[in-house]
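Here is the structure we will look at, set down as structure tokens.
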Amino acid sequence: MLKIDEAWFEAYKNCTRHLPQTFAALEPTPSELTLLWQEFKHSNFSANLSLYPNKNVQTGLKKTLEDLDELRRQIYERETNTLVKEQYVAAINETSLNIQLICAAAQRNDVEYARLNKQLYGQPKQEIFAASCAFIHSTLDEHVSQPTHIGELARRVAALLPKAELKSSNVALLPSEDVFSQVKALHYQPGGYFDTLFDGEMPDSAYVNQREGDEWCQKSLHAIGAKNYIIKDSPTVTWAVDTEAEIVYRPVGYRLSRDDFIGIVAHEIGSHILEAVNGARSPLKLLGSGLAGYLNGNEGRALVREQIVYPSCAVAARQLPWEYNILKHLSVCLALSYAGPCTFSQLYLTLKALFHFWRERRHPLETNNEEVATEQAWYLAVRIMKGTNGLGGCYVKDIVYLEANIALWQIAKTKPEHILYGDNGKFNVLNKNQCAAVERLIAS
């Protein structure tokens, strides 16, 4: 197939070939994080840790910015296809902003770091923060009066979590069961999304461990045409993919319920990697690596896939994927002082209490519940407040999951097929101009 951006794609990839992923570049190194964790434990979880990246992360970034500036100039002067010009200039501008964000963090420039975060991701919606707080408090209310261990944990969370004022009753974090069922049915129809992703045969055991899961992941990768991808150990407790390096990262030694496993494969392989594969096959190769702002839609869409593996929306709302994304948005709001100043230590303690409560509710009296909550709270607090001095501020990107998810469920009320439409490439399915551009490409 003829690529309409043939003249620019390789030049763009050459400019960014050695560019680190922003979310990774903003953190201290793994060895530094290990030392910080020890320091944090020795402080009895009271230290407000500085989470700036190593200054060496800036190496080569100035040259990359210069190369991108030159490429942008050439595209302005020589490209006659308006669609190509617009999408490349926007992608270059966003990449440049991410480089500046990394440099601001490495230079300990908190004001510039906050400004660039806002330019890239905006600010979390106050009404979603309030609705999230109300949602969590509603789950706590089921237990706070109980003279039990789960009741004690609920009271601990209630004391830490703000009760933000919900000014509008129109804020719906979750879809109706009818809309949920329509989107679920579209994905599960014979020969459709899930049949394709799992090559006609899905896991049927109650739990999936790492060995079995790796086999299923390889099968799914082959089914969608991503045969070159390899599976590697994740440095954290979370799953991730690197579509440029063609890697799936999964936690070491995991054991997931069947539904949780199917959801995470649908999120990472059946959304992020499928988008990259299909985008690379399209007339615009840039769709394989990502149009500007694609994260603002595709993460919320991937979360939809994790939700619909469950029998109902009500059941999905009590699972870790939903809780985790609620906590990511909540954490950004807290770090940005939506409920008053919040330091790293305060954020960690709030997250640990919530993780412990939710895990105890799902796995009553398991002996490692507090240990797991401790680990999850540490990783999430670092993830949110990376690039800061630990006294406030954060990496704002993590609002995209929940906010896009809510927006997509709203669209699904009238266009449930829009969730599937995003599989055509890495673009923002919430951006009407990008959707129109993709329509033209599909039709060409």
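The values are calculated or read from the model by the stated rules, or taken from the named source; none is laboratory data. Everything quoted here is computed from the prediction, not taken from an experiment. Don't worry about glycine lacking a Cβ; one is built from the backbone with ideal geometry, like all the others, and counts go over all protein chains shown. Accessible surface is based on the protein model in full, side chains and every heavy atom, while ligands, DNA and RNA are left aside. Shrake-Rupley method; radii C 1.70, N 1.55, O 1.52, S 1.80 Å.
Observations, loosely collected:
- Residue within the range 196-207 that is within 29 Å of residue 132 (Cα to Cα) and either surrounded by 16 or more Cβ atoms within 10 Å (Cβ to Cβ) or at pLDDT below 95 (or both) present: no
- When restricted to residues that are over 20 Å from residue 394 (Cα atoms) and in a strand (DSSP E or B), the range 317-363 contains 0.
- Residues of the range 202-244 that turn out to be in contact with a helix residue (DSSP H, G or I) (Cβ under 8 Å, 6 or more places away or on another chain) and at negative phi, as a count: 27
- Only a single item in (1) in contact (Cβ under 8 Å) with a residue 60 or more places away in the chain; (2) farther than 23 Å from residue 411 by Cβ; (3) in a loop (DSSP other than H, G, I, E, B) is not met by residue 191, and it is number (1).
- Selection of first residues in the range 232-251 that are of a type in the set (A, V, I, L, M, F, W, C) and of second residues that are open to solvent by 30 Å² or more (accessible area, probe 1.4 Å) and assigned to a strand (DSSP E or B), restricted to Cβ pairs under 6 Å at least 6 apart or on distinct chains, gives the following pairs, ordered by first then second residue: 240/249; 247/230; 247/232; 248/231.
- The lone exception for residue 221 - which of (1) closer than 18 Å to residue 302 by Cα; (2) at pLDDT below 95; (3) of a type in the set (A, V, I, L, M) it fails: (2)
- The requirement of being open to solvent by less than 40 Å² (accessible area, probe 1.4 Å) and under 22 Å from residue 417 (Cβ atoms) is satisfied by residue 316.
- Pairs with Cβ under 7 Å, 6+ apart, first in the range 415-443 and open to solvent by less than 20 Å² (accessible area, probe 1.4 Å), second of a type in the set (Phe, Trp, Tyr): 426/294; 427/294; 428/294; 429/421; 434/427; 438/427
- Residue 299 meets each of the listed conditions (1) under 21 Å from residue 139 (Cβ atoms); (2) open to solvent by less than 20 Å² (accessible area, probe 1.4 Å) apart from (1).
- Scanning the range 69-83 for residues that are assigned to a helix (DSSP H, G or I) and either surrounded by 15 or more Cβ atoms within 10 Å (Cβ to Cβ) or β-branched (Val, Ile, Thr) (or both) gives 71, 72, 75, 82, 83.
- Qualifying residue in the range 84-107 (condition: outside any helix (DSSP H, G or I), under 14 Å from residue 386 (Cα atoms) and open to solvent by 70 Å² or more (accessible area, probe 1.4 Å)): yes
- Helices (runs of 4 or more DSSP H) wholly inside the range 1-52 that include at least 2 residues being surrounded by fewer than 18 Cβ atoms within 10 Å (Cβ to Cβ) and in contact (Cβ under 8 Å) with a residue 60 or more places away in the chain: 6-16, 30-42
- Every condition in (1) closer than 22 Å to residue 150 by Cα; (2) in contact with a helix residue (DSSP H, G or I) (Cβ under 8 Å, 6 or more places away or on another chain); (3) not in a helix (DSSP H, G or I) holds for residue 374 except the one numbered (3).
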